[in-house]
Structures are given as structure tokens and as C-alpha cells.
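Enquirer: Have a look at the structure that comes next, please.
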Amino acid sequence: MAITNHERVGKALELLKTGLLPFIERELKAKYGNGWAFEVKDILSDTRLGASKGESLLDVAASLVVMDRKWGEVFRQILGKSERSLVNELVTVRNAWAHQEPFSSDDAYRALDSAGRLLSAVSAAQADDVEKMKMELLRVRFDEQARSEKRKSASTAIESGVTGNLKPWREVVMPHADVASGRYQ
């Protein structure tokens, strides 16, 4: 059974969560020491994500919110402006995915690309898996386009082949005198 773009994005978000978790923990521990978990709870306390969650960073939305809100203090020294843009874009992608919004092939490719770029920026091994998903999506899109073009060319070939080889009917058959003169009733 074919995988949908929504499922592709969901898998990419799962890989993103897995790949970002060690990076986020490492950087927060480096900045806040053993109190890093309290910092995370404090960041998420004013959001829906912080409500009664034991291990809050196991949610990709929470991880992205923590990265965004602690960007200046923690992550700016390691990552650049383009990576912050990716974080914000991926928050939007995650919200669209969570609210069951449809993803076109272009939207899905962009989501996969953004996730892959962020994973590459933090040197996560999951970036390779996301890259494979991107290639598979491109392959599916190419196959769909090729089938569509083949259908169009097949119908055009039938139409053009018929019209190109046939003579006009007046050259093949002589019309009756009253039809030729325009007096047919």
C-alpha cells in the first residue's frame, strides 16, 4: 500500500525527534548543568506542551519550542540563522501534521528537506534516513509525472494519427446533387 505524504511527514518528524534529543540534552546540560530538566519544564510551563508530561523532550513539538525559546542563550553559539528558520518552519509543519492538514508533494518534500537540513546541522545520523525518504518521494513524483505524460501523449498520438492520414470526406465521396448544391431538406 502506498504511503501518503502525511505519513511521510510523520515519519520525518519522528526521525527529527530522535535525532534532536541527544543534541538538545547535551547543549542544555552544558549550559545549565544538572538543572537543565527544570529549565525545560519552565520553558514549557506556559504552553500546552508542558501540561503533566513526565519526559517533555520526547515530543518533537516540545523539542522545537525549547530550541526556539532558548536560541539566544544556548543554541545560537552552535547553529546559525538559517537553522533557526528551519526550527520555526518545522514548528509550523509539526502543527499542520498534528491537525491532520493535507500535504501536497511539494509541501511534503519541503518538510523532509527542512528536517534533513536541521538534522545535518546537528550531525544526527537520522539525516541519512530523511534523505532516503526525500529520494523516494522524488521517485514517486517522477513516476506520476511520467504516467501522466504517457497518457497525454497516447491520446494525442491517436488523435493526430487519425487526422493526419485521412482525406476530407468530400474528396473521398461525391455528395448527392441536392447536398452539393445546398438544396437538401
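The values are calculated or read from the model by the stated rules, or taken from the named source; none is laboratory data. None of the values given here were measured: they were computed from a predicted structure. FYI the Cβ positions are ideal-geometry reconstructions off the backbone, even for glycines, and counts take in every protein chain you see.
Enquirer: When you scan region 77-87, do you find a residue that is at pLDDT 90 or above, outside any helix (DSSP H, G or I) and buried (at least 16 other Cβ atoms within 10 Å of the Cβ), even just one?
Expert: Yes; the residues of region 77-87 include at least one that is at pLDDT 90 or above, outside any helix (DSSP H, G or I) and buried (at least 16 other Cβ atoms within 10 Å of the Cβ).
Enquirer: When region 43-69 is examined, which residues are found to be modelled with pLDDT of 90 or more and of a type outside the set (A, V, I, L, M)?
Expert: Within region 43-69, 63, 68, 69 qualify.
Enquirer: Give me a count of the residues in region 100-115 that are surrounded by 19 or more Cβ atoms within 10 Å (Cβ to Cβ) and not in a helix (DSSP H, G or I).
Expert: 1
Enquirer: Separate question: Answer with yes or no whether residue 26 is under 24 Å from residue 131 (Cα atoms), at pLDDT 90 or above and assigned to a helix (DSSP H, G or I).
Expert: No, not satisfied.
Here is a yes/no grid of residues against (1) modelled with pLDDT under 80; (2) surrounded by 10 or more Cβ atoms within 10 Å (Cβ to Cβ); (3) basic (Lys, Arg):
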{"site": "117", "(1), (2), (3)": "no, yes, yes"}
{"site": "131", "(1), (2), (3)": "no, yes, no"}
{"site": "136", "(1), (2), (3)": "no, yes, no"}
{"site": "144", "(1), (2), (3)": "no, yes, no"}
{"site": "161", "(1), (2), (3)": "yes, yes, no"}
{"site": "181", "(1), (2), (3)": "no, no, no"}
{"site": "185", "(1), (2), (3)": "yes, no, no"}
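Enquirer: Something else about it: Please go through region 113-150 and pick out each residue that is over 19 Å from residue 27 (Cα atoms) and of a type in the set (Ser, Thr, Tyr).
Expert: 114, 148
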